[in-house]
Structure formats: C-alpha cells, structure tokens
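Asker: Before we start, here is the structure in question, set down as structure tokens.
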Amino acid sequence: MKIQKNAVVAINYKLTDASGELLDESAGQPLAFIYGTGQIIPGLETALDGRVAGDTFKVDIPAKDAYGEKYDEMIQKVPRSSLQGVNDLKVGMQLEAQAEDQTVVVMVTEVTDEFVTVDGNHPLAGVDLTFDVEIVEVRAATSEELDHGHVHGEHGHHH
Ligand code: ZN
C-alpha cells in the first residue's frame with residue numbers, strides 16, 4: 001500500500017546537517033510511527049506521502065519544516081542563586097523548568113559565577129536537515145494502534 005493517513009510506516013534513516021555531520025541514525029532499529037498524526041517532523045511527512053515499502057530517497061528539510069526556527073526569547077539568563085538546588089551545573093546539562101502550567105526541558109548553554117544561561121529551543125531548532133531514508137514497511141494501522149496512538153509489533157511497543 002501507499003503511505004497515507006493512519007498507515008503504519010517503518011523507516012531506516014540517516015540524519016545529517018548541512019555540513020554532512022551525522023546527527024542521528026536508525027542503526028538497524030527502524031523508526032515506526034503512524035503516518036499523518038504529527039509523530040514525525042512535517043517536512044518528512046510531506047516527503048513520505050504516497051511512497052511504498054522499498055523506496056529509498058534523500059530529502060533536504062529546512063529548519064522551519066523540521067524542528068522549527070530558533071527563538072531568542074526561549075534563551076534566558078537566570079541568576080545562579082535561583083538554581084541553588086542543582087548540583088554540578090555545567091554546559092550541556094538538561095534541566096526541567098516550569099513554564100506556565102507545563103514542564104519544559106531546557107539545556108544549560110553557559111555558566112558563570114553569577115548567571116546561568118538556559119535554552120528552551122529544541123537542540124535541532126534552526127538546523128537544516130538532510131534525511132537518507134529507506135522505507136522498510138507500510139501497512140494499515142490496527143484499530144488498537146490508532147486507539148493507543150502508537151505502533152505495536154516488531155518495530156513498535158510490546159505490551
Ligand atoms: Zn499500545
């Protein structure tokens with residue numbers, strides 16, 4: 001079958017940035033998802049539309065169709081004293097922060113004696129991506145999978 005809304009799709013992929021650096025890959029563990037339900041980035045959904053198992057392709061996806069643009073307002077400098085409960089503050093560590101009524105994960109990007117800079121952007125925000133994709137499987141989702149909102153079986157959840 002062709003890839004369409006509510007199809008279960010499993011892909012092998014290699015993800016690189018514009019300079020060709022490898023950012024992520026499936027490495028023998030295909031990524032399985034229910035197509036058309038927002039489980040993968042929009043640019044990849046578009047590129048997969050109508051394809052079939054066995055297809056291989058390469059697609060460039062600009063940041064806005066991937067993990068979004070990088071927003072300066074999501075980068076904040078906070079007084080170090082406000083993070084007194086956190087041990088071993090260092091660049092690259094992730095913290096959970098309360099923003100309005102939800103918890104967001106922020107990355108520490110700078111630490112000085114007085115201030116800590118935290119960045120709430122997705123690590124790949126603002127990054128243009130290239131996907132090398134091999135479509136491993138395309139099938140209709142079961143009603144149980146649609147109920148659960150995730151894929152069961154060989155490439156999915158076991159429960
Ligand atoms: Zn389930």
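Asker: With no solvent and one equal point scatterer placed on each C-alpha of segment 1-74, evaluate the Debye formula and give log10 I(q)/I(0) for q = 0.17 Å⁻¹, two decimals.
Answerer: Those come out to -0.71, one per q.
Asker: Then there is this: Over all directions, average the projected area of the Cα convex hull of segment 72-119 and note it in nm².
Answerer: If you wrap the Cα atoms of segment 72-119 in a convex hull and average its projections, you get 3.3 nm².
Asker: Okay, moving on. In the P(r) worked out for the chain, what percent of Cα pairs fall beyond 19 Å?
Answerer: Pairs farther apart than 19 Å: 63 percent.
Asker: Using DSSP loop states and a limit of at most 15 other Cβ atoms within 10 Å to flag GluC sites (Glu not before Pro), what is the longest stretch of the chain containing no flagged site?
Answerer: 22-68
Asker: Across segment 1-100, how many lysine pairs separated by 8 or more positions, or lying on different chains, have Cα atoms within less than 24 Å?
Answerer: Close lysine pairs found across segment 1-100: 10.
Asker: Treating the beta-carbon of each Lys and Arg as +1 and of each Asp and Glu as -1, no other charges, what is the dipole magnitude of segment 16-159 about its Cα centre, to the nearest 20 debye?
Answerer: 120
Bear in mind these aren't lab numbers, they're just calculated from the coordinates by the rules spelled out. Computed from a predicted structure; not experimentally measured. Note that we place each Cβ from the backbone using ideal geometry, even for glycine, and neighbour counts take in every protein chain shown.
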